[in-house]
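We did not get these values from a lab; they are worked out from the coordinates using the rules stated. Keep in mind that what you see is a predicted model, and the values were worked out from it rather than measured.
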Amino acid sequence: MTRKVLFLVLAAAFLLGTTAYAHHSIGATYDAKKDVKIEGKLVQFLFRNPHSFVHVEAADEAGKVQRWAVEWGGAGALGGQGVTRNSLKVGDVVIITGNPSRTPGEHRLKMNTLKRTSDGFGWGTRAGEVVD
């Protein structure tokens, strides 16, 4: 009898168990009360889910060139807003505003706006997000 109950409990746990999906908190990672503006050269564009990333070489507050990791929306959301994997190219000069990381010394932002200086391609400030 105990063996039967144990088997039923294990079977129920296996069949009814769900996968827990983790996601980091934007508020815990980035300081929404601060805004940082960087201008520099795009060195990598990762168009993917769950978040895309833009990597830019730009000066920090002290004027030293750093590689900034800028977290953006997922490929699905960005695609619906007109951004494609070909929208940005390595070497593009961009101006980005975003919320800085809460970790001191980390050159990481949450994207708020992006503007490519060569042609005015831009993203940000809600509604449809892409501004040409």
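Annotation: the antiparallel percentage among DSSP beta bridges lying fully within segment 30-131 is about 90. With no solvent and one point per C-alpha, what does the Debye sum give as log10 I(q)/I(0) for segment 30-131 at q = 0.15, 0.16, 0.23 Å⁻¹? Log10 I(q)/I(0), no solvent term: -0.55, -0.63, -1.34.
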